[in-house]
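Single-structure report; data block below.
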Amino acid sequence: MTTWAVMRRKIVAAFGINGTMGAKTSRSVHAENYIRSEDATQRSYMYLETEAMEADFLDEDLVKEVVNTIYKDWRTVGLSLNLSTEEIQGIEAKCPQEKERTVEMLRAWQRKGTGYDTISRLAEACRSCHFDELANELEQGLVDDIMLSIAIKIGHNWKVLAKTLRLDTKDIEQLEDFSEDKQPYQMLMLWRRRQDRSVDVLGALAKGLRESGLPDLAYDLVQGVTDEILCKLAMLIGGSWEKIALHLGFTEEELEELKSDKFFETATILNMLTKWRERHDYTRDRFGFLMEALRACDLSNLAELMEEERHRMEQSKKVALSAKTEEYPEYAKDKDFGGFASPLVEGFIDPPPRLRPEFVGMQKGIQGYRNSCYLDCTLFSMFAYNGVFDLLLRRTQGQGDLQEYEKVQKTLRESIVNPLRMNGFVRADRIFQLREHLDQLGTTKGLMSEEKDPEEFLHTLLSEVFKSQPLLKIRHGANKAVDESNIHQIFLKKDESLTLPTVEQLLLQSFQEHDLKLVEAPSCLIVQMPRFGTDYKMYNRILPSLQLDVTNIIEDYPRQCTVCGNLAVFQCSECKTEEALEYTTLIKNYCEDCFQTMHGGTHRKHHKPTTLTVPDHFLTEFFSKTMEKGFSELVVNEHHQRLLTPKLMDLFAVICIKSSHYVAFVKAGREKDSEWVFFDSMADMQGDKHGYNIPQITHLKDFLKWVDMDHIKARIEGKQLTEIVERLLGDAYICMYSEKLRTGAALHSVGISVEDFGGFASPLVKGFIDPPPRLRPEFVGMEKGIQGYQNSCYLDSTLFSMFAYNGVFDPLLRRTQGLGDLQEYEKVQKTLRESIVNPLRKNGFVRADRILQLREHLDQLGTTKSLMSEKKDPEEFLNTLLSEVFKSQPLLKIRHGANKAVAESNIHQIFLEKDESLTLPTVEQLLLQSFQEHDLKLVEAPSCLIVQMPRFGTEYKMYNWILPSLQLDVTNIIEECK
């Protein structure tokens, strides 16, 4: 089934489409010759014959679906699949039942070797035997004729589309082995083959075409039944949807299956419509058939509305096509934008720590030009006074980056961000230069002149150009799927009792309603308000929260009891605030005692709470100080409150839209009491339409008063809101929040000096030192290696093993910080490299305070508590270092045979039945036995395999002795390894 994440993305996309279509790609003469020269059957049998692209095999569910449909005519289908009459007769003799014969026929066909695209071959055979509906279901709306038609139209643009569809560089290189006229078709076939059966491939390809700058082709692909149309229908159909579904050809059983998915109604309707679009016979007019269904179900008005919408989109296509027939006038480099200076500024300029008075007034900020307000406001919000996105300006170009990467980065840094921070002004031609670079990428069309949405620009910049890690990872409770994105769109049911909701209220409500959780605390949270396009706003006014408390929506994050402030163990979603206050939190957490007190013997006794979980290491740290252990109540309370600090994020920008014009409210600094400014890139204009815009920055001296709830409510009741405050409350579109800055205690603050560690020299070593190729005699003896301190042996031994003489983990020391990384990333990396690894390799010794410094940095992250003093396990440290800090790819991917699920980890713990006959087993024996017993397979050969022995804690060992294998032969436990 299509997941809620897909539903949400479609609904968001539907209201973000501005209706402007690009030019339709014409057929090339070469492509038309290709059509004439190729036999239709041959076109359906093109395969990739490389080892890397082996044949796919039908999964059990798909086989069952096929068997149930064709079993009465399996012989005809078998012959269409090129099985011989003798083979058919052999199957008849072997199997007594028709369905068994059908299964055996499919197996025999697959054993013969079918090329890489099994699905297409089977669909073609089914269609030739008049099983058209099954064929459409197999091909998910993308039959070979459609694929070929698209291939012809995209022509040389196929590589752009391939990247948009997430095919990797290796795939593209292999596809280039085909002749040029076949490359587009082969790319599409490869992509379709790789899609999971749950994916809406028709919609996914249409989306890919749009994002690749081919909106007309996307529109034609779905025959006018766009995501926008489907999403609007889903929200307007309401209770008539089941009747419509039956008219569209769904069975009663399929309806029950649709209703069994725990989506809210709109998502269920969208799921139904998407499935219909996918399986509808493409030779019949999709849009017309859908309108017939609406009218048959007494929804003629809705059908007329959709037809008007389609007419509007068709007109947009004509306008776009007309515009494209004229040569776009080249930008005049010497065009007069008022003659204001806007010099390039090289290097890296940090954002100003506070508002600079000379940066306030007219002709300040970023000058607008040709519908650039969406881009001007987004860039000003991201960079003027905040450094959370500065990593984009510093990261060096990688092997997988676009060729234009450095050009875009240099323009952004030296023409826009640095001048904005140093001089307070950026002339419009500098922004236009960035738009030119981005437009040339081809990922988002119309950047030279058309109005776009901030989220479109952010997607292009973050995902397409800089390929940064997504800012957000959100887990969906129903299916545990993790959705990655850069912006969170708030979806929720409107609460009519709220007259002035806050962003925090709406965010928490949306997470609670849809059972969502942040997998980890983000460094930046970009929130899109519940409004769609320029017309619909769920609430007339929304108050931006200066601070977001996201504690309750982070997975496994320790929470305080709402009543007493102790560690909470339950969350009760059914609890409502007794005082019925409009602006209190929706999420109630309780410790065990307070839950019983608040629920026992009351109207709440039937509430069903959710049990909260926290990491084991946190519980160990939390209960390390109790009055039973001799600590005073004051010390215990302070200890608990320190560990139960809420996770807060600070508002630093609000982007607003009204009448298709964007403006921004931006915080000038990172302090709690920093000033705020209002920015408009087109506040005024000099001259006529051939003149230039004048940007303006206004100092908002009373901003903090504006966002005070009591003050605002009084002003609303007295009808005393100023125009600019009304814009903030009524036009808010996107709110940007950054992680609240943390500060850690320095080493000397806890009274530790170098002399406490013997005063041995342990100088920092900069750069990158390779591991010694062999043992160095001077590194042997006392006071060599890593000096221990306060239970650090687990960490000392792990670091020595990882880095002293081996370079397998050296990429951790070299990778530059990415956008999704922790703020402490560079600090941890620098300490590890220059204070520990380099000195260990160069001098053979690391003093304990260097390790303590690393422990301090890791302790401040809060992911693993008590790293400053308590003994931990090597696997805890490895997980913190590899997964939490460096966010490296897991070393191991292990497939479980029973359910085909793939588990990712850095360490493999050996679990197995003890073999009493083994007195001295080897590591290889135990590893292979454990994989065999549990039907496990390595998905790929790992670069490093860390194996944990079958022992638990310090007490239990399965075997008294285990012989480490100097070499592991893992050939037999790697998937498809020959």
Listed residue pairs exceeding 32 Å between alpha carbons, taken from 537/672; 658/719; 452/517; 467/493 = 467/493
Total charge of the residues flanking residue 404 in space, meaning their Cβ is under 15 Å from its Cβ, with Lys and Arg +1 and Asp and Glu -1, is +3
Table column - 3J(HN,Hα) (Hz), segment 876-888, Karplus curve with 6.51, -1.76, 1.60, x for Gly and Pro = 5, 5, 4, 5, 4, 5, 6, 8, 7, 7, 8, 6, 6
Pairs from 625/872; 494/588; 588/887 whose Cα-Cα separation, in the structure shown, is over 22 Å = 588/887
From the backbone phi of segment 272-277, what are the Karplus-calculated ³J(HN,Hα) couplings (6.51 cos²θ - 1.76 cosθ + 1.60, θ = phi - 60°) in whole Hz, Gly and Pro given as x?
-> 4, 5, 5, 5, 5, 4
Nearest 20 debye, what's the magnitude of the dipole of segment 893-973 about its Cα centre given +1 on Lys and Arg Cβ and -1 on Asp and Glu Cβ?
-> 200
Rounded to 0.05, the calculated FRET efficiency for the beta carbons of residue 797 and residue 394 at R₀ = 60 Å is 0.95
Amide H neighbours of residue 733 under 5 Å, counting only residues 5+ apart in sequence or on other chains, H built in-plane at 1.01 Å?
-> 655, 656, 657
Take peptides 175-184, 86-95 and line them up by average Cβ neighbours within 10 Å, highest first, as a rough protection proxy.
-> 175-184, 86-95
Would you work out which of 931, 963, 944 lies farthest towards the positive end of the dipole of segment 893-973, given +1 charges on the beta-carbon of Lys and Arg and -1 on that of Asp and Glu, about the Cα centre?
-> 944
As a percent rounded to 5, the proportion of antiparallel DSSP bridges among beta bridges in segment 875-953 is 70
Provide the FRET efficiency to the nearest 0.05 for the residue 888-residue 481 pair, computing r from the beta carbons and using R0 = 22 Å.
-> 0.50
Show the residues, 5+ positions off or on another chain, whose built amide H is closer than 5 Å to the amide H of residue 694.
-> 683, 684, 685, 686
Mind ranking 560-572, 640-652, 827-839 by how tightly packed they are, going by the mean number of other C-beta atoms within 10 angstrom, highest first?
-> 827-839, 560-572, 640-652
If Lys and Arg each add +1 and Asp and Glu each add -1, what is the summed charge of the other residues whose beta carbon sits under 13 Å from the beta carbon of residue 303?
-> -3
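Read-outs throughout are calculated quantities, based only on the coordinates presented, and are distinct from any laboratory measurement. All values reported here derive from a predicted model rather than from experimental measurement. So basically every Cβ, Gly included, is an ideal-geometry build from the backbone, and we count neighbours across all protein chains shown.
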